[in-house]
Every structure is written in structure tokens, then in C-alpha cells.
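Below is one structure, written out as C-alpha cells; comments come after it.
The values are calculated or read from the model by the stated rules, or taken from the named source; none is laboratory data. Just so we're clear, the structure is a prediction, and the values are computed from it rather than from any experiment. Using ideal geometry, Cβ is built from the backbone for each residue, glycine included, and neighbour counts are taken over all protein chains shown.
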Amino acid sequence: MELLAHQILNGLQLGTIYALMALGYTMVYGILKLINFAHGDLLMIGAYAAYFLVLAKMPLATVLPLAMTICALSAVAIDRIAYRPLRNKPRLKALITAMGVSMLLENGCRALPFIGPSYRSFPETISVKQILTIKGITITNVQCLNFGMAVALMFLLWWVTRKTKMGIAMRTVSLDPMAAQLMGINVEKVIAGTFAIGGALAGAAGVMFAINYPVINPYMGIMPGLKAFIAAVFGGIGSIPGAMVGGITMGLIETGATAINSHIAEGVFFVVMLVVLLFRPFGLLGKAAKDKV
């Protein structure tokens with residue numbers, strides 16, 4: 001029973017990271033109908049930004065918002081340089097471009113002299129301490145920080161999308177960009193804001209990932225990014241609640257599969273994606289829609 005509880009805690013801890021990443025995927029898809037495969041590499045940028053900021057002796061309270069800002073600006077720059085010129089082109093071109101941007105970021109960082117191809121140990125920012133024990137189940141300060149940061153960011157995203165003018169504009173553009181433009185909404189500004197929010201969430205996920213799994217490298221965003229994409233599909237691509245549910249669920253599934261056999265944990269994600277696409281292609285909380293790609 002204690003082992004199961006620990007696995008659930010670890011699954012929730014991992015699932016919150018996937019959820020934050022999946023939110024970025026689903027927001028961009030909701031606005032542009034684009035799968036931004038470069039999104040996983042923003043996690044890597046956030047982790048490296050945090051790495052150098054921690055080496056500069058900055059506290060975590062400063063490192064997190066700065067890393068999120070760097071990733072937000074990076075996401076906006078990626079959109080402005082790579083995706084915006086293809087706005088009215090066939091979606092396949094944008095999809096291929098996204099893959100190219102992902103490889104450019106990975107290999108570009110690998111070529112930088114101050115990053116390089118080597119694995120690096122992320123400095124210890126928080127000493128792990130037991131803060132609560134319930135019937136033999138130990139909860140650490142790092143786990144509480146993980147959950148607290150993720151819940152706060154998810155609530156903040158809900159508030160932005162539901163209670164602010166930017167959020168209303170984002171929902172309007174996602175429904176009909178042409179009608180939104182005719183109503184006076186600056187569609188490009190909304191798209192840039194969407195990329196910025198998604199990038200900031202990926203940056204936060206990168207910081208959390210580096211703290212919990214303290215080894216970083218230029219290719220570290222590939223698998224978390226792919227798993228977060230699967231989580232977004234599982235929950236319903238384009239649905240913010242679906243991204244959160246999908247991320248948490250995928251974290252629990254991966255932890256459970258790892259406990260059974262660590263060799264099959266990676267493959268379980270793809271099996272889940274296959275099952276979802278076969279029986280419910282629009283996801284748990286997504287809505288069926290006819291769409292020509």
C-alpha cells in the first residue's frame with residue numbers, strides 16, 4: 001500500500017510537468033491548428049537558463065520567473081521568424097518547419113561552446129526534506145513545491161483565458177480568426193501572446209524537470225515534449241482542461257509502467273496514443289470536429 005502511494009505521488013510529480021508542457025501544445029493548436037514540435041525544446045532552454053542563473057547564485061524565486069521569461073521570448077521569436085511567414089500556407093509546411101526548428105534548437109545548443117554536447121549535473125537548489133509523513137507515506141518539500149507551482153500556474157492560465165481581455169481574444173481567435181479580425185482584434189498580437197504563455201509554461205516545466213531529474217543536455221526536451229504531446233492528444237488537443245487531465249494521467253501511467261517493468265515504460269505512451277486515436281480520436285475532453293488537413 002505504501003509503495004502504491006509513493007508511485008502515485010511520483011506519478012503526480014511527473015504528471016504536473018507533462019501537464020504544463022501539454023498546455024503549451026494545446027494552446028498553440030487551439031489558435032493555429034499547428035503542432036509545434038519545437039515546444040519540447042523550450043523545456044531544454046528553460047532548464048539551461050535555470051542552470052546558468054543558479055550558477056550566478058540567484059535564488060529560485062528569481063530563477064523561475066527569469067527562465068519563464070526567456071522561454072516566452074524564445075517562443076515568440078520562433079513564431080515570428082519561422083511560423084508567421086507560413087501563416088497562410090498549407091499546414092504541412094508549418095509542421096515540417098516545426099520539426100526543422102526543433103532540430104535547429106537542439107543541434108544549435110549542442111554547438112554552442114558554453115553548452116556543448118556533454119551531460120551536466122544541475123546544481124542543487126533545494127535540499128530535499130521530509131515535511132509530512134502519513135501512515136509511512138513521506139511527502140517532501142520538493143514534491144510540495146512541484147505541486148504548488150503547477151497548480152498555481154494552471155490556475156493563473158485559467159484566470160487569463162477566462163477573466164482577461166487577452167483570454168477572451170484568444171478564445172475568439174480560436175473559434176474564427178477572420179471574424180475576430182473584423183471585430184478589431186489584433187490576431188497576430190493574440191498569436192504572439194499565446195506563444196509567450198505556452199513558452200513560459202514550458203520554461204517552468206524545464207525548471208521543475210531539472211530540479212527533480214538533475215541532469216541536463218541539449219536533447220533533453222525530445223522525450224518529455226513527445227510525451228506531453230501524447231498527453232495533449234489523450235486529453236483532447238485544443239482543450240485546456242484536457243491537457244491538464246492528460247498530463248496527470250500520463251504521469252501516473254508512466255510511473256505505474258516503470259514499477260512493473262522499466263523497459264516498457266516508454267512504449268506504454270505510444271500504445272495509449274494508438275488506443276486513443278483508434279477509439280476516441282478527439283481525446284477524453286476534446287470535441288469531434290470535421291477538419292481538412
Does Phe114 satisfy the condition of being among the aromatic types (Phe, Trp, Tyr), part of a loop (DSSP other than H, G, I, E, B) and either loosely packed, with under 15 Cβ neighbours inside 10 Å or modelled with pLDDT of 90 or more (or both)?
yes
Within region 55-83, residues free of Cβ contacts under 8 Å to residues at least 12 places away in the same chain, among the hydrophobic types (A, V, I, L, M, F, W, C) and in a helix (DSSP H, G or I) come out as Ala61, Ala77, Ile81
In this structure, does Phe234 turn out to be assigned to a helix (DSSP H, G or I), crowded, with 23+ Cβ neighbours inside 10 Å and touching a residue at least 40 places away in the same chain (Cβ under 8 Å)?
yes
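Residue-by-condition table, conditions (1) modelled with pLDDT under 90; (2) not in a helix (DSSP H, G or I):
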| site | (1), (2) |
| --- | --- |
| Leu12 | yes, no |
| Gly15 | no, no |
| Leu20 | no, no |
| Val28 | no, no |
| Asn36 | no, yes |
| Leu42 | no, no |
| Gly46 | no, no |
| Phe52 | no, no |
Cys109 within 15 Å of the chain's Cα centre (by Cα), closer than 16 Å to Pro224 by Cβ and touching a residue at least 60 places away in the same chain (Cβ under 8 Å)
no
Taking the options Met99, Met166, name whichever one is in contact (Cβ under 8 Å) with a residue 12 or more places away in the chain, touching a helix residue (DSSP H, G or I) at 6+ places or on another chain (Cβ under 8 Å) and not in a strand (DSSP E or B).
Met166
With the checklist (1) outside any helix (DSSP H, G or I); (2) over 18 Å from Thr16 (Cα atoms); (3) touching a residue at least 60 places away in the same chain (Cβ under 8 Å) in hand, flag the one item Pro281 doesn't pass.
(3)
Checking the conditions here, which among Leu9, Leu23, Leu55 is buried (at least 24 other Cβ atoms within 10 Å of the Cβ) and either within 30 Å of Pro90 (Cβ to Cβ) or of a type in the set (A, V, I, L, M, F, W, C) (or both)?
Leu23
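For (1) over 29 Å from Ile216 (Cβ atoms); (2) surrounded by 14 or more Cβ atoms within 10 Å (Cβ to Cβ); (3) aromatic (Phe, Trp, Tyr), each residue gets a yes or a no:
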site	(1), (2), (3)
Glu124	no, no, no
Thr133	yes, no, no
Ala150	no, yes, no
Ala169	yes, yes, no
